[in-house]
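A quick write-up on the structure given underneath.
The values are calculated or read from the model by the stated rules, or taken from the named source; none is laboratory data. All values derive from a computational prediction rather than experimental measurement. Cβ placement follows ideal geometry from the backbone for every residue including glycine, while neighbour counts extend to all protein chains displayed. The protein model used for the area step is the full one, side chains on, heavy atoms only, and it has no ligands, DNA or RNA in it. Shrake-Rupley method; radii C 1.70, N 1.55, O 1.52, S 1.80 Å.
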Amino acid sequence: MLNFLYTIFIYPVYMLVEFVFFLANNMTNDNIGISIILLSFGINILCLPMYNVAEQWQGKERAIQKRMKAKIADIKAVFKGDERYLILSTYYRQNNYHPIYALRSMFALFIQIPFFIAAYQLLSHSSALSNNSFLFLHDLGSTDKLIAFNNIYINVLPVVMTVINIAAAVVYSKGFELKDKLTLYITALVFLILLYNSPSGLVLYWTLNNIFSLLKNIFYKIKLNSKTWYIIIVIAAIFLT
C-alpha cells in the first residue's frame with residue numbers, strides 16, 4: 001500500500017524536482033549553491049497556481065467557520081450527546097457544509113508534503129552536494145556547524161529557516177483564530193526538528209522556500225508601496241549573492 005501511495009503521489013514529484021535540479025545544474029555549470037536557489041525558485045513558481053487555489057479554499061473555509069461559529073457554540077452549550085450530534089448535523093446540512101470540509105484549510109500543507117519528501121530524498125542523498133561550498137556554508141553535503149564550542153557544534157541555518165518560517169506564519173495568520181496560528185507555529189517547529197541535522201544544502205533549499213513564502217504572504221496580506229518592495233528585493237538580492 002505504501003509503495004502504491006509513493007508511486008502515485010511522491011515519485012512523480014521527485015522526478016519533477018530532479019529534472020528541475022538537473023536543468024539548474026546545466027545552467028550554472030554545476031554551481032550547486034546557485035542550482036539550489038534556482039531549484040527553489042523554479043519549484044515555487046510551478047506550485048504557485050496550486051497555492052492560489054489553496055488560498056481560495058482556505059478563505060472560503062474560514063468565512064464559513066466564522067459565519068457558523070456563534071450558532072455552533074450555542075448548540076454545544078445547550079445540547080449534549082446524540083441530540084447535539086443530530087442538531088449540529090442538521091445545521092451543517094442547512095448550510096451545505098460537512099465537517100470534513102475543514103480539511104480544505106490544510107490543503108497548502110498537503111501540497112508541501114510530497115515536495116518536501118521529494119527534495120529530502122534528492123538533496124539529502126546527493127553526492128553532488130558533498131565537498132561543495134556556498135557563501136558561508138563550507139560543505140553543502142553536511143550540517144553547517146557554524147557555531148562551535150570545543151567539540152559541540154550548533155547548526156545556525158535551521159534556526160534561521162525556522163525564524164523565517166514563523167515570520168511567514170505571523171504575516172499569513174493575521175486575524176486568524178489561535179488554533180490556526182498554533183498549527184502553523186507547530187509545523188515550523190516540526191520542520192526545525194526534521195531538518196536540524198540535515199545537509200546544509202537541503203536546509204538552504206527549504207530556507208529559500210520559506211523566504212519565498214514570506215514574500216508571497218507579504219504581497220497578499222500587506223499592501224506595500226513600490227519603494228518598500230524595491231528595498232525588500234535589494235535586501236533579498238544581497239542575501240543571495
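For Tyr85, the solvent-accessible surface with a 1.4 Å probe is about 150 Å², rounded to the nearest 10.
Inter-part distance, the stretch 111-176 to the stretch 2-79, computed on C-alpha centroids, equals 18 Å.
Summing charges over neighbours of Ile36, with a neighbour being any other residue whose Cβ is under 14 Å away from its Cβ, gives -4 when K and R count +1 and D and E count -1. Derived value for the stretch 128-202: Kirkwood hydrodynamic radius 13.6 Å. Basis is the mean of 1/r over every pair of different alpha-carbon atoms. Shape analysis of the stretch 14-75 yields a ratio of the Cα radius of gyration to the Kirkwood radius, Rg/Rh, of 1.40. At R0 = 35 Å, how high is the FRET efficiency between Gln56 and Asp30 if r is their beta carbon distance? Nearest 0.05 is fine. After rounding, the FRET efficiency stands at 0.30.
When nucleic acids and ligands are ignored and a 1.4 Å probe is applied, Asp74 ends up with an accessible area of around 90 Å².
Across the protein chains, with a 1.4 Å probe defining accessible surface, the residues Met68, Met15 rank Met15, Met68 from largest area downward. Which entries in Lys66/Lys216; Lys69/Lys174; Lys145/Lys216; Lys69/Lys181; Lys145/Lys174 show an alpha-carbon gap greater than 27 Å? Result: Lys145/Lys216; Lys145/Lys174 exceed 27 Å.
Distance between the 7 Å Cα→Cβ label points at Phe19 and Asn95: 4.3 nm.
Quick one: in the stretch 43-88, what % of C-alpha pairs are over 11 Å apart? Here the long-distance tail beyond 11 Å is 71 percent of all Cα pairs in the stretch 43-88.
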